[in-house]
1. Note the per residue figure in Å³ for the convex hull of the C-alpha positions in the chain.
2. Provide the packing ranking of 454-460, 173-179, i.e. peptides ordered by the mean count of other C-beta atoms within 10 Å per residue, highest first.
3. What's the extension gain from residue 341 to residue 306 if we count 0.36 nm per residue and subtract their Cα-Cα distance?
4. Which order, highest average first, do 345-353, 129-137 follow once you tally other Cβ atoms within 10 Å for each residue and take the mean per peptide?
5. Distances longer than 26 Å among the Cα atoms of the range 327-439: what percent of all pairs is that?
6. Students often check this: by mean Cβ neighbours within 10 Å, which of 106-112, 380-386, 297-303 ranks highest, and how do the rest follow?
7. Any aspartates and glutamates with Cα under 20 Å of the residue 256 Cα? List them, leaving off those in the same chain fewer than 8 positions away.
8. Determine the equivalent ellipsoid of the range 99-218 by diagonalising the alpha-carbon gyration tensor, then write out the semi-axes as square roots of 5 times the eigenvalues, largest first, rounded to whole Å.
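Coordinate-derived values only; no laboratory data. It should be emphasised that the depicted structure is a prediction, and the values quoted were computed from it without experimental measurement. Every residue, glycine as well, gets a Cβ built from its backbone with ideal geometry; the counts of neighbours run over all protein chains shown.
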Amino acid sequence: GQLPTWLQGILLRNGPGMHTIGDTKYNHWFDGLALLHSFTFKNGEVYYRSKYLRSDSYNCNIEANRIVVSEFGTMAYPDPCKNIFAKAFSYLSHTIPEFTDNCLINIMKSGDDYYATSETNFIRKINPQTLETLEKVDYNKYIAVNVATSHPHYDSAGNILNMGTSIVDKGKTKYLLFKIPSSVPETEKKKSCFKHMEVVCSIPSRSLLQPSYYHSFGITENYIVFIEQPLKLDIVKMATAYIRGVNWASCLAFHKDDKTWFHFVDRKTKKDVSTKFYTDALVLYHHVNAYEEDGHIIFDIIAYTDNSLYDMFYLKKLSKDFEENNKLTSIPTCKRFVVPLQYDKDAEVGSNLVTLPTSATAVKEKDGSIYCQPEILCEGIELPHINYGYNGKKYTYVYATEVQWSPVPTKIAKLNVQTKEMLHWRADHCWPSEPIFVPSPDAREEDDGVVLTCVVTSDPKEAPFLLILDAKTFKELGRARVNVEMHLDLHGMFIPEKALKTETE
């Protein structure tokens, strides 16, 4: 096929790549050592490159030729030959876990720099052109967060907004929204942006020792949308996990009889909206988008009715009988919640306060709280991606992978959230990854551009490839085949050529 001539830049991808070290194996697919890969588009040609992230975790494991750094689903234990004092010390040091810097989930842009990220307090700077691993940054040195999301947002000035959890800090557990500025004042050119990190606001956790787990959050022009879901981390269990010989993942529990609480923080006043909005128990990883309309906040999320998704990626389940043994007990559903921030305070109990044309409802309860029910936009999509120029604004299209019976995607989908119409791309034995939308330079409409995705195949005769689709029609424009073993990855980003620092090749 042919690439559009304007497509110049680098598609960076990140995901788990190495699962066996010496005689040891990780338990879970999400634990594997991070593998970065990139596709560089230059004058109608595509260049491929991949490299393991040289994190401290990677270096320690490779040097020991066994897994010595714990990951979320795999607890690593000291060498059995160690003496009793070393073992005892190891147990103590694990009660407050020193988290891994195996940043295997996403890529984040900060000013002119790029970082590999995961959900711990560590991020690793990388060179987007060579995939070299550079310095390690610890958020905890600047603000009190123990974990942070790998799905930050960027405001119009290029500042990063992200959320992290501060666990039992000064006797409180809270969710923090923090900001990393895109540049530093001229007078401090030598300092990093991280020295200027600030906490924008905090939301107290409903429970001191069981904060909610979250993978992303939403943002509108005036509000932060944070969902406190009943999938919770048990801090006491985490502190004793090492001694009990279990992994940290076993300290995460879904409380199916609890409520899911919605928080809306005003970005100007930094205050949480006082009305209590909630819905039934759900599990979500990915927010799609959020925006405001006529006194309502509308937010779209991919939600599940349980937390079976994580369990399906234990490596012992990813065997040749995977298709037979692993049916999702909960299909991902794209849900739209419509929440009235401005409503008639004298409305009757039991009345629906939503005044927009939607089947989503927000019903006033006796105690003044508001119970929300969503409109279903579609079923079976994950890893959603939008035209980021429409982030926080009213939008029409979401690009996503489509899953049927299993968590591994078989199709790429384009969903029109206004009409619910869908377009698909699929091919036999093909497993696509998260689709990334790249707008064309002279775009007039939201879907003027291309969609990029890496496709691995289960047909041994077929090489994996990068797929380029016309975002408007979803017709295939071209494929760039790569003769290597490519891995299913998680997330990534496209860096246009003009955003790359001109470095000598």
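1. 168 Å³
2. By packing density, highest mean first, the sequence is 173-179, 454-460.
3. Contour length minus Cα-Cα distance gives 9.8 nm.
4. Listed from highest to lowest mean packing, they are 129-137, 345-353.
5. Tail of the P(r) past 26 Å holds 35 percent of the pairs.
6. So the order, starting with the most tightly packed, is 297-303, 380-386, 106-112.
7. Of all the aspartates and glutamates, those that pass the test against residue 256 - Cα under 20 Å, at least 8 places apart if same chain - are 228, 234, 280, 306, 311.
8. Rounded to whole Å, the semi-axes are 24, 17, 13.
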